[in-house]
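Here's the structure we're looking at; comments come further down.
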Amino acid sequence: MIETLTSEFTPDFILRRNPSGRLQFTACNNTIYDGVYPVRAFPVSAPEEGLSLVNQEGHELAWINRLSDLPVEVRTLIEEELVQREFMPEILRINHVSSFATPSAWEVETDRGEALLILKTEDHIRRLAHSCLLISDNHGVNFLIREIDQMDNHSRKLLDRFL
């Protein structure tokens with residue numbers, strides 16, 4: 001059973017936290033799913049659009065076109081869960097790179113503070129759009145560079161050596 005939500009549509013399911021703090025989805029037929037989690041379709045390019053609520057087996061229970069379409073209580077629960085599940089610091093500045101050969105250690109400033117990431121191979125830098133990059137470190141943490149053109153000259157010069 002997949003529900004599609006639009007701005008005129010009031011969800012015919014109930015979403016709340018169970019006693020252990022996990023999301024609980026109650027369908028219109030009163031079937032209860034514990035451990036439901038939200039998954040964004042486009043977490044970087046359109047984070048507020050296209051979101052699924054899926055059960056523990058990964059089966060979609062509901063599709064949400066836009067988070068803003070949801071009642072405040074439901075939207076708040078989903079946003080709280082997304083904050084816990086998603087961790088993608090945005091690189092604002094590259095301070096230092098240990099080597100222009102990989103693996104290399106990068107000292108960066110992010111929107112969440114300073115970080116040290118290890119770039120294993122140049123393949124771990126992926127272009128998402130013309131000026132948007134996703135960099136995966138050796139621990140699998142994804143770092144986002146939203147706008148290369150908005151970075152300072154020093155950061156762009158260091159980055160150009162890897163692109």
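The values are calculated or read from the model by the stated rules, or taken from the named source; none is laboratory data. Fair warning: this is a prediction, and the values are worked out from it, not measured in the lab. A quick note on method: Cβ atoms are made from the backbone with ideal geometry, for glycine too, and the neighbour counts reach across all protein chains shown.
General observations
- Qualifying residue in the range 72-90 (condition: more than 30 Å from SER20 (Cβ to Cβ) and not polar (S, T, N, Q)): yes
- Complete set of residues in the range 106-141 that are surrounded by 15 or more Cβ atoms within 10 Å (Cβ to Cβ) and either of a type in the set (Gly, Ala, Ser) or touching a Lys or Arg at 6+ places or on another chain (Cβ under 9 Å) (or both): VAL108, GLU109, THR110, ALA115, CYS132, LEU133, LEU134, ILE135, SER136, ASP137
- One residue stands out in the range 60-94 among those that are polar (S, T, N, Q) and exposed (fewer than 14 other Cβ atoms within 10 Å of the Cβ): the one that is farthest from ASP160 (Cα to Cα), namely THR76.
Here's the yes/no breakdown for (1) modelled with pLDDT under 95; (2) within 22 Å of GLY140 (Cα to Cα); (3) in contact with a Gly (Cβ under 6 Å, 6 or more places away or on another chain); (4) not assigned by TED's automatic domain parsing to the domain that holds ASN138:
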| residue | (1), (2), (3), (4) |
| --- | --- |
| VAL44 | yes, yes, no, yes |
| GLU48 | yes, no, no, yes |
| LEU61 | no, no, no, yes |
| GLU79 | yes, no, no, yes |
| VAL97 | no, yes, no, no |
| ALA101 | yes, yes, no, no |
| GLU107 | no, yes, no, no |
| ASP123 | yes, yes, no, no |
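- Condition check for ARG17 on (1) loosely packed, with under 13 Cβ neighbours inside 10 Å; (2) in contact with a Lys or Arg (Cβ under 8 Å, 6 or more places away or on another chain): one failure, at (2).
- Residues of the range 30-54 classified as under 12 Å from the mean Cα position of the chain (by Cα), exposed (fewer than 15 other Cβ atoms within 10 Å of the Cβ) and charged (D, E, K, R), total: 1
- Selection within the range 113-163: residues that are β-branched (Val, Ile, Thr) and assigned to a strand (DSSP E or B). The member of this set that is farthest from SER99 (Cα to Cα) is ILE145.
- Given (1) surrounded by 11 or more Cβ atoms within 10 Å (Cβ to Cβ); (2) free of Cβ contacts under 8 Å to residues at least 12 places away in the same chain, index of the condition GLU57 fails: (1)
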